[in-house]
Amino acid sequence: MAIFKLTINGQQKQVDVDPATPMLWVLRDNLDLVGTKFGCGIAQCGACTIHVNGAATRSCQLPVSAVGDNKITTIEGLSENGDHPVQQAWLQHDVPQCGYCQAGQIMTASALLAANPKPTDEEIESAMNGNICRCGTYVRIKAAVKTASNL
Amino acid sequence: MTLIRTKFGRRSFLKTSAAAGGGLMIGFSWLTRCSPVSEPLVAVPNEWFKINGYIKIGDTGLVTIFNPNPEIGQNVMTSMPMIVAEELDVAWDHVVVEQGMLDEDAFKNPQFAGGSLSIMLGWDALRMAGATGRRMLLEAAAKEWGVKVEDLTASNGIIKEIKGTRTIGYGEIASKAVGIEVPEEIALKEPKDYKLLGTAQKNVEGPKIVTGKPLFGIDFKKEGMLLAMIEHPPAFGMKVKDFNVEEIKAMDGVRDAFIIDTTIPEPAWSDVNAFNNLIAIVGDSTWQLMKAKKALKANWETVTEPENTAMHVQRLKDTLKNGEVGGSRKDGDTEAAFASAAKVIERTYTSPFLAHATMEPMNFYASVTADGAELAGPTQTPKALEDSVAKLLGMPAEKITVQMTRIGGGFGRRLYVHFGLEAAAISKKMGAPIKMIYTREDDMTQGTYRPAYRSTYKAGLDENNNLIAFSVRGAGLPEGPVFPNRFPAGSVENYTAESIGSTTNISTGAWRAPRSHFTAGAEQSFLDEVAELAGKDPIDFRLELFDKAIASPVGEKYEYDAERYAGVLKMVKEKANWGVETPGVFRGVAAYFCHNSYVAQVMDVVMEKNQPKVKKVWCAVDCGILINKEGAVNIIQGGVVDGIGHALYSELAFENGASVHKNFNTYQLIRHSQAPEEIEVFFVENEISPTGLGEPGLPPAIGALASALYKATGKRYYHTPFSTADQTPEKIEVM
C-alpha cells in the first residue's frame, strides 16, 4: 500500500492503495466516482474511459502509480451542470438504451471533439471504434457526435 | 369509452395503498438523485400523498409514478409510467419517475422483464392505476365542492367544473383523495383521445446516465459493505473440491475465502448445468480480490465428460438425423409432394453458442441477517430471485426485499437468479453486507449461453413455380429451434415441421428472441433462395403465401395474423422503394413475427474496401398501439444492430469443456464502424392492444442481411458467424 495524491475533476484527492491498482478501481472503490464503468478489464470495450490531461484513456489499464501530476477528468467532472455539448447532444438524440457504456462513449467523443472539432464520419468511427455498445445505439451515437460538433 | 373492470382486486388495490401510508408524508429521496438538467418544472412538494401502488402526488402538483418492471434498456422506466400518466391525465413534464420495489400486490402486475412482455402484460394494470387515480381525485373534488363527479372533468392535472368556473389542481386535492374507494368499473380513454401515448418522449433517466450518476447494480454501495468475487470451475462438467484457502486468506485486503453451495430445491430460472458450487473471496477492494483470484490454486473434479465444438457439431448432425422429435406439425403429404415437384431445394443452416455479454458484468448486493435479507441489483426476475433466496436461506419471502437497480444489459442473461443466490450465500457466511461482482471472464465462461442449432429446410415447387411442399427439421443443444405452427405453416398444402432436442453439459439459457433469432435467419434466408428458384420477387413470393393463408388456410391453426404479417411487408416495400435498383447497392428483405409483434426489414449493403457494409435499413413494425415512439424506434434500431452483429461476428467455441472465448479480445461484438449508417423505423397505426419490441427487431435482421450479402457477393450464407464460417453448402438437391 502507498499514498497517492491525485488531481481528479479539479480537486485534490488522496488514496492509500496498492500501487498497481488501476485508476478504474481507485475511482470506483476509493473515491465513490462510479460513473466510470468496468466492462472488460483489458482495454477492449471502452466503458472505463476517462481523460488524462484531456486525452481519452482506458482507466482499467492505468495503474494509480503512473498518474503522478497528470489531471484526471471523469464523467462526473466533464461539466459542472451536465451540459457539456456532448452531453447535450446525447440527450437531444436520446441515445441511451441500458446506458451502461454511455459514460465511456461520451468521454471518448468529448476527447475527440476537443482535439478535432469537426471530425469526418471516418474519423468519428475510428475514434469511437474502441467503445462497444451492446444495445446497438451506434447510429444515435454517431448522430450525437455530429450534433455536438456543431454546438 | 372503454370500460375496464377493476379486476385485479379493487379492495386489495386500495388496501395496499392505504397500508402503504394513506395521507402520510412519503420521503422524497429522489431529490438527492435528481441531476440539475432534469429539474422538474413544478416546485418540490412539502408533502406527498400516496394514491395507489403506482402514484403519489405532491401538494404542488408534482406527480411521482413508480415504474414496476426492471429497466434493462428496453425503455419501460419511461414507457410504462407514460401509460399511467395518460389515464391519470397529467402533463408529462409534471411527472417524475421512480423505480418501484418488488411488490406485486401493490402493482397488480408481474414485475418481470422478459419475452418482450412488459407493455403487453402491464397494459390493463397501468391504465387502471392511472384511471382509478384520476377517479379518486375527481371524487375528492366533488365532495369538496358538494357536486357530483359527473359535473366535473379532469385534464392535464387540473379538475374543472363542466358548467361552472371552479378549478382545482391535483396537488391541491390529493390529500383528500387518499383512500377513496373506486367503483367496480372504470372508464378508460379511447386510443383516439390519447395525448401522450404515441408521442416521442425522452428516456427519463437520460440526464442521470450522461452525467454518470450511480444507477446500476455495480454502483450500489451501503455503509459497512464488503466486496466479494467468485471463481467457478474452469469447465462445464467440473466441480470444486478444495483450494489453497489459507494462502488466499493471508493476502492483503482479503477478509475470508470459502466454498459456497447455492443448490436449492425446485429451482426456477436456473439452468441444470449451472455451477452451484463456487469459491468465494471477500475483501475490501475489487483490485485486491482480482489479485486473490489470480493466486487461487484449486483442485477440481471432473463429474461429466468435457465437451468441445467438434463434438457439438457431430451431435447436432446425429440428432438431426436420428433424434426424437419433440414439437411437430404435419399438413398434407410432404413426401409425395416432393416426389411430384418440378424443383426441389434443400439447405442446412447452423449457428454456434453465443454469450449474452451484457456490458455490466453480473453482480448483486445482499445483506443477510437473522431477521431478514435485503437484496439489490440488476435482475430481470426479481420475484423468482426473492423466492429462490428464500429457499436458500430457509426464510419466508416476506422477510426479503429486492431493490431493482437500472440494468446494464439483459438480453435474457439476467432472467437467471444464480448471482442473487451467490450474493446471499456469501453475505450469510460473512454476517455482513456484501456486493459480489464478476469479472468479464467469470461472466463469459459462466454459461447460460444461447444454444447451438442446426436446421434443414426443404421446399418443392410445381411446374408453375408454386410452393407445394415445405419441410423443416431442426435440432438444438439442448432445445430444438423449430416453431411448428409459425409461418409458413398455414400457407403450404404439404408441410412438415419437426423440432428435436439434444443433450449437452454446457449451460444454456434464453437469449434475446430465443430460437426465433436462429429460425428467422434460416427460414427467411431459405425463402429468399426458394423465391429465386421460383423466379419470383422475394416480397411478392411471401405475399402470395400470406394471401393463401388468409383465403384458405391449411391445417387447423397457425400462430400469426397473416394480414398483419403481410401488412409490414407491404409497408416496408413502399417505404424502401423496393424494386428500384441502385448500382452498387445490394438489397435484402426479411419479415418475422415473434413475441407478438411483426417486423419487416429491407437492408441495403454496399461493398467498401472489398468488405460488405450495411448502408441503410428500413423497418416496418406492427406492435399495436405505440406507447413511446422515441423508445420504440431506439429499441428496434438496437435489435437490427444486434442481429447484424451476431450474424456477422459472434461465436463461442469450446475446448476441454470450456469456452475458448473469454473476453472481448476474442469474442467479437459489432463495433461503430461495422454498424449501419442509417436505420429508419415505421409503425403500422392501429388500435390493437400493444405488444413488445425488445426482441422482435432482431430476428429479421439476420435474414435480411444474408439475402443482401448474397446479392453483394454472389454467395449464400448458411452458417453464422457469416464473416468467418465456411459457407460451402453441405447438400444441394436441385432436380
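If the convex hull of the alpha-carbon atoms of chain A is projected onto planes in all directions, what is the mean projected area in square nanometres? Don't skip to the end; give the middle numbers.
Numbers: hull surface 32.8 nm².
For chain A, the mean projected area of the Cα convex hull comes to 8.2 nm².
Each residue, B:Gln727 and B:Glu144, gets one label point 7 Å from its Cα in the Cβ direction; the gap between the two is 6.8 nm. In chain A, helices alone account for a calculated mean residue ellipticity at 222 nm of -8500 deg cm²/dmol, with every DSSP H run of four or more residues adding -39,500 (n - 2.57). The gain in end-to-end length when the B:Ala310 to B:Lys711 segment is fully stretched comes to 141.2 nm, 0.36 nm per residue minus the alpha carbon separation. Annotation note: trypsin sites (Lys or Arg not before Pro) in the range B:217-265 located in DSSP loop regions with a Cβ neighbour count of at most 16 within 10 Å are B:Lys221, B:Lys222.
Please give the net charge around B:Ser285, taking every other residue with its beta carbon less than 10 angstrom from that of B:Ser285, where Lys and Arg add +1 and Asp and Glu add -1. Write out the running numbers ahead of the final one.
Details: positive: A:Arg28, B:Lys291; negative: A:Asp18, A:Asp29, B:Asp252, B:Asp284.
Net of charged neighbours comes to -2.
Using a/c under 1.5 as the rounded threshold, could you call the range B:265-319 rounded, prolate or oblate? The axes a ≥ b ≥ c are square roots of the C-alpha gyration tensor eigenvalues, and prolate needs a/b larger than b/c, oblate otherwise. Prolate, since a/c reaches 1.5 and a/b exceeds b/c. Note on the range B:220-349: dipole from Cβ charges, positive end direction compared against B:Gly253, B:Thr304, B:Gly237; the farthest Cα belongs to B:Gly253.
Farthest toward the positive end of the dipole of the protein assembly as shown, out of B:Ile162, B:Phe364, B:Gly130, is the Cα of B:Phe364, where the dipole comes from beta carbon charges about the Cα centre. Across all directions, the average flat footprint of the convex hull enclosing the Cα atoms of the protein assembly as shown is 37.5 nm². Between B:Thr666 and B:Val272, the contour length at 0.36 nm per residue exceeds the Cα-Cα span by 139.1 nm.
Report the far tail of the P(r) of the range B:112-214, meaning the percent of Cα-Cα pairs longer than 19 Å.
Numbers: 3014 of 5253 pairs.
Looking at the range B:112-214, the distances longer than 19 Å represent 57 percent of pairs.
Here the Debye sum runs over all C-alpha atoms of the range B:252-373 as equal scatterers in vacuum, and log10 of I(q)/I(0) at q = 0.18 Å⁻¹ comes out as -1.37.
Can I get the semi-axes of chain B's equivalent ellipsoid? Compute them from the C-alpha gyration tensor as square roots of 5 times the eigenvalues, in angstrom, largest first.
Numbers: eigenvalues 394, 276, 93 Å².
The equivalent ellipsoid of chain B has semi-axes of 44, 37, 22 Å.
A simple charge model with +1 on the Cβ of Lys and Arg, -1 on the Cβ of Asp and Glu and nothing else charged puts the dipole of the range B:162-247 at about 640 debye relative to its Cα centre. The ellipsoid equivalent to the alpha-carbon distribution of the range B:175-317 has semi-axes of 47, 27, 18 angstrom, derived from the gyration tensor eigenvalues as √(5λ) and listed largest first.
Which net charge results when you count Lys and Arg as +1 and Asp and Glu as -1 among the other residues whose beta-carbon is under 14 Å from that of A:Ala103? Please report the intermediate quantities before stating the final value.
Details: positive: A:Arg28, A:Lys37, A:Arg58, B:Lys208, B:Lys213, B:Arg406; negative: A:Glu76, B:Glu205, B:Asp219, B:Glu360.
For residues surrounding A:Ala103, the net value is +2.
With a cut-off of at most 13 other beta carbons within 10 Å, and DSSP calling the residue loop, which GluC sites (Glu not before Pro) in the range B:276-340 qualify? Please list them.
On the way: sites: B:Glu301, B:Glu307, B:Glu324, B:Glu335; in loops: B:Glu307, B:Glu324.
Passing both the DSSP loop test and the Cβ count: B:Glu324.
Under 13 Å from the Cβ of B:Gly323, count the other residues' Cβ atoms, weight Lys and Arg +1, Asp and Glu -1, and hand me the total. Around B:Gly323, the charge tally is +1.
Would you mind calculating the relative contact order of the range B:479-530 from Cα pairs under 8 angstrom and at least 6 residues apart, reporting the percent as a whole number? Present the calculation step by step, with values, prior to reporting the outcome.
Numbers: 26 pairs, mean separation 22.0, N = 52.
Reported relative contact order: 42 percent.
Computed over the range B:588-652, the P(r) tail beyond 21 angstrom holds 31 percent of alpha carbon pairs.
Taking the Cα centre of the range B:626-733 as origin, sum charge times position over the Cβ atoms of Lys and Arg (+1) and Asp and Glu (-1), and report the length of that vector in debye to the nearest 20. Mind showing how you got there, number by number?
Working: 7 positive and 13 negative charges, 70 e Å.
Here the size comes out at about 340 debye.
Rg to Rh ratio, the range B:37-179, alpha-carbon atoms and Kirkwood radius? Walk me through the numbers on the way to the answer.
Values: Rg = 15.3 Å, Rh = 15.4 Å.
In the range B:37-179, Rg relative to Rh is 0.99.
Summary value for the range B:395-485: 17 percent relative contact order, contacts being C-alpha pairs under 8 angstrom separated by 6+ residues.
Largest first, the three principal axis extents of the alpha carbons in the range B:82-125 are 30, 20, 15 Å in whole numbers.
With contributions of -39500 (n - 2.57) from each DSSP H run of at least four residues, the per-residue ellipticity at 222 nm computed over chain B stands at -9500 deg cm²/dmol.
Across the options B:Thr439, B:Asn276, B:Gly555, the greatest Cα extent toward the positive end of the charge dipole of chain B (unit charges at beta carbon of Lys, Arg, Asp, Glu) belongs to B:Thr439.
Determine the shape class of the range B:343-424: with a ≥ b ≥ c the square roots of the Cα gyration tensor eigenvalues, call it rounded for a/c under 1.5, and otherwise prolate if a/b is greater than b/c, oblate otherwise.
prolate
Its Kirkwood hydrodynamic radius, worked out from the mean inverse distance over all distinct Cα pairs, puts the range B:598-735 at 16.5 Å. Note: relative contact order over the range B:560-697, using C-alpha pairs below 8 Å and six or more positions apart, is 30 percent.
With +1 on each Lys and Arg Cβ and -1 on each Asp and Glu Cβ, how big is the dipole of the range B:556-710 about its Cα centre, in debye rounded to the nearest 20? Write out the running numbers ahead of the final one.
Details: 13 positive and 19 negative charges, 95 e Å.
That gives the range B:556-710 a dipole magnitude of about 460 debye.
Cross-link list B:Lys241/B:Lys399; B:Lys343/B:Lys548; B:Lys317/B:Lys609; B:Lys570/B:Lys629; B:Lys294/B:Lys429; B:Lys160/B:Lys189: which exceed 25 angstrom alpha carbon to alpha carbon?
Numbers: B:Lys241/B:Lys399 33 Å; B:Lys343/B:Lys548 20 Å; B:Lys317/B:Lys609 37 Å; B:Lys570/B:Lys629 21 Å; B:Lys294/B:Lys429 23 Å; B:Lys160/B:Lys189 18 Å.
Over 25 Å Cα-Cα: B:Lys241/B:Lys399; B:Lys317/B:Lys609.
Averaged over the residues of A:108-115, the number of partner chain Cβ atoms lying within 10 Å of the residue Cβ comes to 0.
With bins 10 Å wide beginning at 0, the percent of Cα pairs of the range B:493-612 falling in each bin runs 10, 36, 33, 16, 4, 0.
Just so you know, all these numbers are worked out from the coordinates, no wet-lab data involved. Being a predicted model, the structure only gives us computed values, none of them experimental. Here the Cβ is made from the backbone with ideal geometry for all residues, glycine too, and neighbour counts use every protein chain on show.
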